[in-house]
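Undergrad: Encoded as structure tokens, here's the structure I'll be asking about.
The values are calculated or read from the model by the stated rules, or taken from the named source; none is laboratory data. Everything numeric here is computed off the predicted structure, so don't read it as measured data. Neighbour counts are summed over all protein chains in view; Cβ atoms, including those assigned to glycine, are modelled from backbone coordinates with ideal geometry.
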Ligand code: MN
């Protein structure tokens with residue numbers, strides 16, 4: 001199996017190293033990852049600037065390709081320019097910090113996997129629920145298990161898996177659940193501060209506000225010490241409203257224009 005690995009924390013991060021280590025015995029791994037941290041850049045791509053690619057070495061050994069761009073740039077660059085053949089799977093992570101609920105939209109980690117799904121390659125995004133230095137070994141095992149499952153069962157074109165692993169020792173993890181994206185949202189707080197020149201500036205922070213308490217949703221599952229595996233897709237059409245809007249009577253042919 002050929003796997004393209006990327007992330008949004010940067011090619012030097014501990015999470016991507018752990019992911020590569022976990023996948024090395026089941027796959028031929030190619031790393032194409034951002035040169036600098038790109039957390040919360042969403043699905044941005046670079047169009048107004050050139051994209052430079054560097055070979056990145058770790059302890060004197062070639063580790064992968066560092067791209068001066070976003071996570072989505074890395075997937076495009078990896079598939080179009082760096083890999084000779086299309087990968088069987090793209091895995092993005094292991095991210096430092098959870099990517100549940102609305103964070104799926106903001107996340108560079110998930111966007112990289114979504115870019116692969118757009119390019120019709122099955123993909124997994126995987127995150128651990130802590131920003132602190134973390135033991136990624138259990139999340140690495142989960143990534144390896146799911147890589148094998150996706151290889152066996154496949155995923156529909158356009159669908160990817162978003163995985164969140166509680167930051168706990170393996171023996172404290174309660175289990176694994178297939179979940180839905182929860183509706184939790186951020187209650188944003190802009191902390192006002194003053195710079196050395198006396199001018200105001202703002203720093204975004206906030207609290208995640210949970211709405212539902214159904215166990216089979218990503219946010220609730222991780223809170224209850226389960227690994228959460230959510231199948232998601234990028235078709236944003238609201239099919240119910242698509243049908244309901246027939247009654248709005250706004251569709252006109254050219255000769256009926258208001
Ligand atoms: Mn990140």
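Undergrad: List the pairs whose first member sits in the stretch 229-258 and is within 30 Å of residue 126 (Cβ to Cβ), whose second member is part of a helix (DSSP H, G or I), and whose Cβ atoms are under 6 Å apart, counting only residues at least 6 apart or on separate chains?
TA: 230/218; 234/114
For every residue, the table says whether it meets (1) closer than 22 Å to residue 40 by Cβ; (2) surrounded by 18 or more Cβ atoms within 10 Å (Cβ to Cβ).
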position	(1), (2)
154	no, no
164	yes, yes
186	yes, no
202	yes, no
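Undergrad: Then there is this: Of the numbered conditions (1) buried (at least 18 other Cβ atoms within 10 Å of the Cβ); (2) in a helix (DSSP H, G or I), residue 125 fails exactly one; give the number of that condition.
TA: Answer for residue 125: the failing condition is (2).
Undergrad: In the stretch 1-33, which residues are within 12 Å of the ligand (Cβ to nearest atom) and touching a residue at least 60 places away in the same chain (Cβ under 8 Å)?
TA: Initially, the stretch 1-33 is screened for residues within 12 Å of the ligand (Cβ to nearest atom), giving 6-10, 13-16, 33.
Once the filter is applied, which keeps residues that are within 12 Å of the ligand (Cβ to nearest atom) and touching a residue at least 60 places away in the same chain (Cβ under 8 Å), the stretch 1-33 yields 6, 7, 8, 9, 13, 14, 15, 16.
Undergrad: Can you say whether residue 44 is within 14 Å of the chain's Cα centre (by Cα) and within 16 Å of the ligand (Cβ to nearest atom), as far as the supplied structure shows? Step through it out loud before you land on a result.
TA: Details: within 14 Å of the chain's Cα centre (by Cα): yes; within 16 Å of the ligand (Cβ to nearest atom): yes.
Against the criterion (within 14 Å of the chain's Cα centre (by Cα) and within 16 Å of the ligand (Cβ to nearest atom)), residue 44 qualifies.
Undergrad: Where residues in the stretch 91-122 are in a loop (DSSP other than H, G, I, E, B), out of contact with any helix residue (DSSP H, G or I) (no Cβ under 8 Å at 6 or more places or on another chain) and at negative phi, which of them is farthest from the ligand (Cβ to nearest atom)? Lay out the reasoning, then the answer.
TA: Keep residues of the stretch 91-122 that are in a loop (DSSP other than H, G, I, E, B), which gives 97-102, 107, 119-122.
Filter again for out of contact with any helix residue (DSSP H, G or I) (no Cβ under 8 Å at 6 or more places or on another chain), leaving 97, 102, 107, 120.
Okay, now just the ones that are also at negative phi, so 102, 107.
Values: 102: 15, 107: 7 Å.
If we take residues in the stretch 91-122 being in a loop (DSSP other than H, G, I, E, B), out of contact with any helix residue (DSSP H, G or I) (no Cβ under 8 Å at 6 or more places or on another chain) and at negative phi, then 102 is farthest from the ligand (Cβ to nearest atom).
Undergrad: Please give the strands (runs of 3 or more DSSP E) falling wholly within the stretch 181-236 in which 2 or more residues are more than 21 Å from the chain's Cα centre (by Cα). Write out each step before concluding.
TA: Details: elements: 185-194, 200-209, 226-233.
Output list reads 185-194, 200-209.
Undergrad: Of these, 81, 95, which one is modelled with pLDDT of 95 or more, surrounded by 24 or more Cβ atoms within 10 Å (Cβ to Cβ) and in contact with a strand residue (DSSP E or B) (Cβ under 9 Å, 6 or more places away or on another chain)?
TA: Numbers: 81 fails: surrounded by 24 or more Cβ atoms within 10 Å (Cβ to Cβ).
The unique qualifying residue is 95.
Undergrad: Ok, one more. Looking at 138, 202 in this structure, which one is in contact with a helix residue (DSSP H, G or I) (Cβ under 6 Å, 6 or more places away or on another chain) and without any contact (Cβ under 8 Å) to a residue 60 or more places away in the chain?
TA: Numbers: 202 fails: in contact with a helix residue (DSSP H, G or I) (Cβ under 6 Å, 6 or more places away or on another chain).
From the options 138, 202, the qualifying one is 138.
Undergrad: Then there is this: Kindly evaluate residue 64 against the criterion of being in contact with a helix residue (DSSP H, G or I) (Cβ under 9 Å, 6 or more places away or on another chain) and either within 21 Å of residue 159 (Cβ to Cβ) or buried (at least 21 other Cβ atoms within 10 Å of the Cβ) (or both). Walk me through it before giving the result.
TA: Details: in contact with a helix residue (DSSP H, G or I) (Cβ under 9 Å, 6 or more places away or on another chain): yes; either within 21 Å of residue 159 (Cβ to Cβ) or buried (at least 21 other Cβ atoms within 10 Å of the Cβ) (or both): yes.
Criteria met by residue 64.
Undergrad: Cβ-Cβ below 6 Å, separation at least six or inter-chain, first residue in the stretch 88-114 and farther than 16 Å from residue 13 by Cβ, second within 11 Å of the ligand (Cβ to nearest atom) and part of a helix (DSSP H, G or I): which pairs?
TA: If the second residue must be within 11 Å of the ligand (Cβ to nearest atom) and part of a helix (DSSP H, G or I), the pairs left are 104/110; 111/71.
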